[in-house]
Amino acid sequence: MSEPKTPPAPAAAGGRASTKKELPEHFKAYKHVWVYIEQERGQVHPVSWELMGEGRKLADKLGVELGAVVLGAEGETVRGAVAEAFCYGADIAYVVADPVLTDYRNEAYTSAMTDLVNTYKPEILLLGATTLGRDLAGAVATTLLTGLTADSTELDVDTDGSLAATRPTFGGSLLCTIYTLNYRPQMATVRPRVMSMPIRVEKPVGRVIEHKLGVVEDDIITKILSFLPDRDSNKANLAYADVVVAGGMGLGSPENFQLVRQLAQAMGAEFGCSRPLVQKGWVSSDRQIGQTGKTIRPRLYIAAGISGAIQHRVGVEGADLIVAINTDKNAPIFDFAHVGIVTDAVRFLPLLTEAFSKRLSAHSRDKLAS
């Protein structure tokens, strides 16, 4: 007679439940929330102010200060960015001003940012998910040996004070919340227009900490030889458009996508598309809306023949008014659209275009789009 088998031990709980939440001793001194104020060629990117609004909320929840990080060459541009940071909610500004930082170069900016972090120890560091911000964030996180949640769509702090950064999973079918429990700083990037623009309040310049750059020009391998501005007028300005019309696979063919263009023209609006249309080559990638495209926050968004999967939803749910047109009454887009129209977009769009063309003069179209 065989002996009864011992039942297997239960598997350890996975995910965050099995992660040690106690910070290592050398990280316990890390406090405050920082936002990197991205500027290039004398202009601050609007995503920096959007992040200041979000950073203010996180700092208030944690009971800590909100710091603005400004890197660049000494002069009016840096001073202006510092002054604006206080108008958007900063309690303190950390400034590294040096001729080496006149133009963005990864080596110099990574050195400046990592030195600031190691010296003043923030617990949260936020950057815009722009071309520049993504390059800098990845290099800084790697140098500091900490985690980075890219393209976050929502930021919050958990009950134990940990940053909870939510983003779509790869493929866009689910949303996941990511924690950096045992490392500091906790880093995240957020794309332009994901967060709303905070109200600017006129305030005097507050506390400013000036920090010396730890490298010199001879230490930097990359050299700026010249600057060639992008003057391609055909590039879309979807992120900051007030009215956007977009089409998806429900239109059936690239020829039918012209109906989206025509409606946008009649309304004085920008036009865009969902990811499958870019993948099929119907529309250029600069017109893509969604997780891997542009995030928009228009006053009016019209989606024609778009199913509304999470990948697309995260790029449009900040719109004030979403009008969805789809033949499938069970399409996911109707779960978050403010107005749903169950009909064939190919037949409906020409009628909508005709109606707008009759009712909108050239002056009123400009007013609608402004």
State which residue is most open to solvent (accessible area, probe 1.4 Å) when the search covers only segment 236-251 and only residues that are modelled with pLDDT under 95 and assigned to a loop (DSSP other than H, G, I, E, B). N237
Looking at V78, V82, V47, can you tell me which residue is more than 20 Å from V157 (Cα to Cα), touching a Ser or Thr at 6+ places or on another chain (Cβ under 7 Å), assigned to a helix (DSSP H, G or I) and of a type outside the set (G, A, S)? V47
Here the residues within segment 131-183 that are polar (S, T, N, Q) and out of contact with any Lys or Arg (no Cβ under 9 Å at 6 or more places or on another chain) are T131, T142, T143, T159, T166, T169, S173, T180
Among the candidates S152, S196, single out the residue that is open to solvent by 40 Å² or more (accessible area, probe 1.4 Å), among the small types (G, A, S) and either within 19 Å of V33 (Cβ to Cβ) or within 15 Å of the chain's Cα centre (by Cα) (or both). S196
Can you tell me how many residues in segment 131-149 are surrounded by fewer than 19 Cβ atoms within 10 Å (Cβ to Cβ) and in contact (Cβ under 8 Å) with a residue 40 or more places away in the chain? 3
What single numbered condition from (1) more than 21 Å from G214 (Cα to Cα); (2) modelled with pLDDT under 95 fails to hold for G75? (1)
Quick check on my filter: what residues within segment 158-183 are modelled with pLDDT of 95 or more and either over 18 Å from the mean Cα position of the chain (by Cα) or of a type in the set (S, T, Y) (or both)? none
So T222, is it farther than 19 Å from Q288 by Cβ and either touching a strand residue (DSSP E or B) at 6+ places or on another chain (Cβ under 9 Å) or free of Cβ contacts under 8 Å to residues at least 40 places away in the same chain (or both): no
For segment 86-96, does any single residue satisfy the condition of being aliphatic (A, V, I, L, M), part of a helix (DSSP H, G or I) and open to solvent by less than 10 Å² (accessible area, probe 1.4 Å)? no
In segment 155-193, residue nearest to D135 (Cα to Cα) [restricted to those that are open to solvent by 30 Å² or more (accessible area, probe 1.4 Å), part of a loop (DSSP other than H, G, I, E, B) and charged (D, E, K, R)]: R193
G63: small (G, A, S), under 30 Å from L181 (Cβ atoms) and surrounded by 18 or more Cβ atoms within 10 Å (Cβ to Cβ), yes or no? no
Among helices (runs of 4 or more DSSP H) entirely inside segment 257-370, those with 1 or more residues being under 24 Å from the mean Cα position of the chain (by Cα) and surrounded by fewer than 20 Cβ atoms within 10 Å (Cβ to Cβ) are 275-279, 310-316, 362-369
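The values are calculated or read from the model by the stated rules, or taken from the named source; none is laboratory data. What you see is a predicted model; the values in this text were computed from it and never measured. Please note: Cβ atoms are built from the backbone with ideal geometry, for glycine as well, and neighbour counts cover all protein chains shown. Heavy atoms of the whole protein, side chains included, go into the accessibility calculation; ligands, DNA and RNA do not. Shrake-Rupley method; radii C 1.70, N 1.55, O 1.52, S 1.80 Å.
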